[in-house]
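Notes for the one structure printed next.
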Amino acid sequence: MIEENVKNLLAEIPATNPQGEKVTLVAAIKMQTPEDINRAICAGISAIGDNHVQEFKDKYDLIRGNPERHFIGHLQTNKVKYLIGKVDLYHSVDRYNLAEEISKRSAAAGIVSAVLVQINIGNEETKGGFELDEAEEACKNISAMPGIEIKGLMAMLPFIDDHAELRRLATLMRDKYDGLKAIFPQFEHLSMGMSGDWKLCIECGSNMVRIGTAIFGPRNYNH
Ligand SMILES: *Cc1c(COP(=O)(O)O)cnc(C)c1O
């Protein structure tokens, strides 16, 4: 099941987006067992993304195959210390004090951590991130921090059925990404797209999708 889902997804996801950039699939592994995660890795997943620091710590040594480790969820500042040096890409830098903490801890460890700046593209109260209009200033301020390198932007589209509106928002994200890439040439990733909207997001210029349900099935929130 998991193996088949991964193989189907890897076949379905285009190798490149319309801009000609390679598209990376990150498996969203929240609430999944190490066994299931390892199955997905065996089937071809090369990057995994966790949401919870405790789960990240518990599973860290049980993951096989040396995938890239991403952190994709909301991150409490006081938990950053558990992740430093273990995360290849932080997707969800959604506020300055989180960026400062990652930078400070990274610099103290003698490393530079790669991050994406999260944009609240739908201006949703329930979601974190900078507003689209704040993105340039946020990237300037955060890129001045010594322990951080910004590699791009991340966004979650609203859970709505209006495809025209979703396309409009995803395209706004891509336009912002292009504008900022002219200022920050190290930009590589536009992380946008989940199980329900990854196709649309890639068509609009995403080059990194974070997919959970379409790999592992519906999450069981009871255990
Ligand atoms: C859970 C999660 C995903 C994956 O969601 P699915 O709909 O299960 O594919 C992607 N991004 C983030 C930040 C998540 O928390």
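Here are a few things to note about the model shown:
- Residues whose amide H comes within less than 5 Å of that of GLU68, counting only those at least five positions distant or on another chain, are ALA47, ILE48 (H built at 1.01 Å from N in the peptide plane).
- The HN-Hα couplings worked out from phi for segment 102-115 by the Karplus form 6.51 cos²θ - 1.76 cosθ + 1.60 (θ = phi - 60°) are 4, 5, 4, 5, 5, 4, 5, 8, x, 10, 10, 8, 8, 9 Hz, whole numbers, x standing for Gly and Pro.
- Sequence-distant residues sharing a close amide H with SER113 (under 5 Å, placed H): ILE148, GLU149
- Residue-wise HN-Hα coupling along segment 75-84, computed from phi with Karplus coefficients 6.51, -1.76, 1.60 (Hz; x: Gly, Pro): 10, 6, 4, 6, 9, 4, 4, 6, 9, 4
- Here the mean projected area of the convex hull built on the C-alpha positions of the chain is 11.9 nm².
- Accessible surface of segment 1-149 [probe 1.4 Å, protein heavy atoms]: carbon and sulfur percent: 47
- When each of the peptides 95-101, 55-61, 113-119, 157-163 is scored by the mean number of other C-beta atoms lying within 10 Å of its residues, the order from highest to lowest reads 113-119, 95-101, 55-61, 157-163.
- Derived scalar couplings ³J(HN,Hα) [segment 42-49; Karplus, 6.51 cos²θ - 1.76 cosθ + 1.60; whole Hz; x for Gly, Pro]: 4, 7, x, 6, 10, 9, 10, x
- For the residues GLY44, GLY205, GLY110, a GNM of the chain with alpha-carbon springs under 10 Å puts the largest fluctuation on GLY110.
- Using the 1.4 Å probe convention, the accessible area of the chain works out to 47 Å² per residue with neighbouring protein chains retained.
- Dipole magnitude of segment 2-216 about its Cα centre (Cβ charges: Lys, Arg +1; Asp, Glu -1), debye to nearest 20: 640
- DSSP bridge pairs, the chain: antiparallel proportion in percent, nearest 5: 5
The values are calculated or read from the model by the stated rules, or taken from the named source; none is laboratory data. Everything numeric here is computed off the predicted structure, so don't read it as measured data. Cβ coordinates were reconstructed from backbone atoms using ideal geometry, including for glycine residues, and neighbour counts include every protein chain displayed. Heads up: the accessible areas ignore ligands, DNA and RNA and are worked out on the full protein's heavy atoms, side chains in. Shrake-Rupley method; radii C 1.70, N 1.55, O 1.52, S 1.80 Å.
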